[in-house]
Structures are given as C-alpha cells and as structure tokens.
1. Calculate what fraction, in whole %, of the accessible area of segment 63-219 sits on carbon and sulfur atoms when a 1.4 Å probe is rolled over the protein chains.
2. If one computes the Cα centroid of segment 298-357 and of segment 33-78, what distance in Å separates the two points?
3. With every protein chain left in place, what is the accessible area of SER340 in Å² (1.4 Å probe, nearest 10)?
4. Counting other Cβ atoms within 10 Å, which GluC sites (Glu not before Pro) in segment 27-114 have at most 10 and lie in a DSSP loop?
5. What is the diffusion coefficient of segment 128-257 in µm²/s, taking the Kirkwood radius over Cα pairs and the Stokes-Einstein relation at 10 °C with a viscosity of 1.306 mPa s?
6. In whole percent, how big is the carbon plus sulfur part of the accessible area of segment 305-356, probe 1.4 Å, protein atoms only?
7. Just the accessible area per residue of segment 34-258, please: how many Å² with a 1.4 Å probe?
8. If a paramagnetic tag sat 7 Å from the Cα of THR35 along the Cα-Cβ line, which residues of segment 246-267 would have the backbone N under 16 Å from that point?
Amino acid sequence: MSRINFLNNLASTKVNYNLGAGIPPLVMYPEIHLTECMEIFKQNFPTVDLLQYHQTEGLITEIAAETFLKNENIKVAPNQIMITNGVQEAIFLTLIAFKDQPIYCLDPYYPGLVDAAIALNCRLIFINEETKWEQIENIEKGALLYLSADFSNPTGQTLTLEERKKLVNFAEKNGWYIFDDATYREFYIDEKINTLYSLLSENVIHATSFSKLLAPGLRTGFVYFPAEMKSKLTQIKSVNSLNNSGITQSIIAGWLLKNEFDLTAQLSELKSRLLANKHIITTINPSYTGGFFTSFTLPNKEIDYNWCNQLLQTHSIAVCPMRMFSESSNYNDAMRLCISNIQPNDLQIVINTLESI
Ligand SMILES: Cc1ncc(COP(=O)(O)O)c(C=O)c1O
C-alpha cells in the first residue's frame, strides 16, 4: 500500500480515536467573518482592486512585517517577505531556486518536502539521527537544509537554543542555507525559543503558515527570504502562480488587523488541550514539548500500513507508521501520533490500548 492510499483510506474511514491526521480539531478553528475581514482591508487599503493581477510578492507584505514584529519581536523589511500559497508553495519555489544544489533533510522527514524534491529531480540527501551533527558539519557551500526548528512533522522534535546556535554557526561558516518550516511554531506550550532567522538573517528562510492557525483553505504563508535571494524567488513565483489571490490576502490582512496582529489569541483552547495531553503523553515519551506530533515505539513490533489498518479496524484508532516518513529501518517499530485532535480521556484510552498490545 502506498502513502497516498493509506491516507485516503484513513480519510474515508470513520474513526473514534484519530491520531492519524495532522490537523487541529475542525471545531477549534476560529470562526472567520469573511466579508467583515474584507471590509476592514478595504478601509485600510481603499485603492487596491482585489480582482486584478497585482505584484507577485503579495499585497500585504507590510501587514506581514507587522505580524513578524508583533509575534517574534523582529523587524523585517516588507520587501524581504513574500506571500505564498502556503508553506508548500514556498518549499516548491525554494527547491526550484536550489535545483542545482544538494538538498538535505532530516530522516524521518516531512513528505511534502521529499516528494517535491523528487518531482523536481533534486539531489536529496537524508540526515540520520545518529550521525546528525557530523553530517551537518559537512554540508557543502551553497546547499540547502530543510527542517522545522519547532515541533517538526513527523517526530515533533524541537531544536534547543544551543542546537540552533550551533546550526546557524555551521551555516554561516560553511556558506549554506536553511529553510525553516515554521508551520507548527505557534503551538508552543512553554516559552518560545528564538527563531533561526533571528540568529542568522542572511542564510535562513523562515516560512510561516495560516493553515493550522486559521484555515488551510485560505492557502496563505508569510515567507521571509534573505535579501540576496528575494528577486530570484519572485521571478520563480511569477511563472508558477503569478500572485496569491487578492481576495484571500484581504481576508488574512483584515483578520490580522482586527486581532492586532496576534497569531495566538485564538489558540488558547487548543493549547490547554495540548497541555492536558502533554501530561498523558510524557509518560510514554518524555521528549514531547508542544506542537501536534510525537512518536511512540512498540519495541520489535513491525509497525507498517497493515498493522495500522488492523489497529483501525479492531480498536478504531488511527495512527501513521513512522516508516511512512523514513528511508531507514530504524523506525520500523515506531508510529507517529498526532495529539491535537483528541481529548485527554480518549488519549489515555489509546495509550492504554497501545501498551496492552
Ligand atoms: C511540516 C509541514 N509543512 C507544510 C505543510 C503545508 O502547509 P501549507 O498548508 O501552509 O502549505 C504541512 C501540512 O500539514 C506540514 O505539516
């Protein structure tokens, strides 16, 4: 069975305990008043015609700069930001810009990066957990390393401040670049750790998404690019999607203006749930610190698509095999659990069931 067949099967099956899909519960997405948001945008930008073509970088780069300032306390020039159709488009455009360079990623990996790199025929190099720092130290000049510094998909791992400093030191010293996929950054429970681009603005691309914060259907990401890269990326986007829809940009901008650029106010209910789930999950995986994902191992069990399908049928529990995200046999007995979409009581039932298997 392929990854796509497995996910389609998951999506079409009614399941009591859904730890498979990497999304917040639908009821926890905030209600968006679309016309109100567009009205707010129009009041602030009365001359903009949303139905026309417009600049490739996006209409709302100033709003994006204000959002970075408010949420990260970092001053970024609006002309270093691009509004993209989500982080996925930012990944694709960046891979095109780096198509003649090696692309590094950590294994287990986010399939959206790996499948895009394969589609573009990139030279993809996996970094294994055991040899991670040795491999990172040897990344060559001009290459690109993709990772998520915060709560990565699928492992849930987060880099410590020391690791972030070490990483950017290598990137700066050896002249390579980092794509930091910040899709899950706002789902911290404790203190936020400094972003990589705040530590090294010349070599780091920082990509944020509204998909988990507000609505994936708005297809919007705010992406910071180092100054020297920006015009190349704009040229690539111009032949890819021309520009993001003005309508969705106006909705995002109106929502941000209404909420004083605060990305997290609407997340308090979900974060309380993540905190309650953290107390349960750390009994089996103490490394969980926030975000949606964690891994769970059943030593010596073959956790593959068939095993997960059987778990679905017999216990109505959906999980993903970690081997779905890895080239290595090290993860054959591990699974990815998404703990954002499940109540604490139900999570406890799942853990008890998994432990009894
Ligand atoms: C790590 C990661 N990056 C990017 C995306 C896609 O984000 P977007 O909807 O902004 O394209 C996802 C979606 O699940 C994801 O898990």
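The values are calculated or read from the model by the stated rules, or taken from the named source; none is laboratory data. Here the structure is a predicted model, which means the values were calculated and not measured. Quick reminder, even Gly has a Cβ in these numbers, built from the backbone with ideal geometry, and neighbours come from all protein chains shown. For accessibility, only protein heavy atoms count, side chains too; no ligands or nucleic acids. Shrake-Rupley method; radii C 1.70, N 1.55, O 1.52, S 1.80 Å.
1. Working: 2930 of 6030 Å².
The C+S portion of the solvent-accessible surface of segment 63-219 is 49 percent.
2. So the separation of the two Cα centres works out to 41 Å.
3. 0
4. Details: sites: GLU31, GLU36, GLU39, GLU57, GLU62, GLU66, GLU72, GLU89; in loops: GLU31, GLU57.
Taking segment 27-114 and a limit of 10 other Cβ atoms within 10 Å, the loop GluC sites (Glu not before Pro) found are GLU31.
5. Numbers: Rh = 16.2 Å.
Result for D is 98 µm²/s.
6. Working: 770 of 2070 Å².
So the carbon and sulfur contribution to the accessible surface is 38 percent.
7. On the way: 9370 Å² over 225 residues.
Per residue, segment 34-258 has 42 Å² of solvent-accessible surface.
8. Taking a point 7 Å out along Cα→Cβ of THR35, the residues of segment 246-267 whose backbone N falls under 16 Å are 251.
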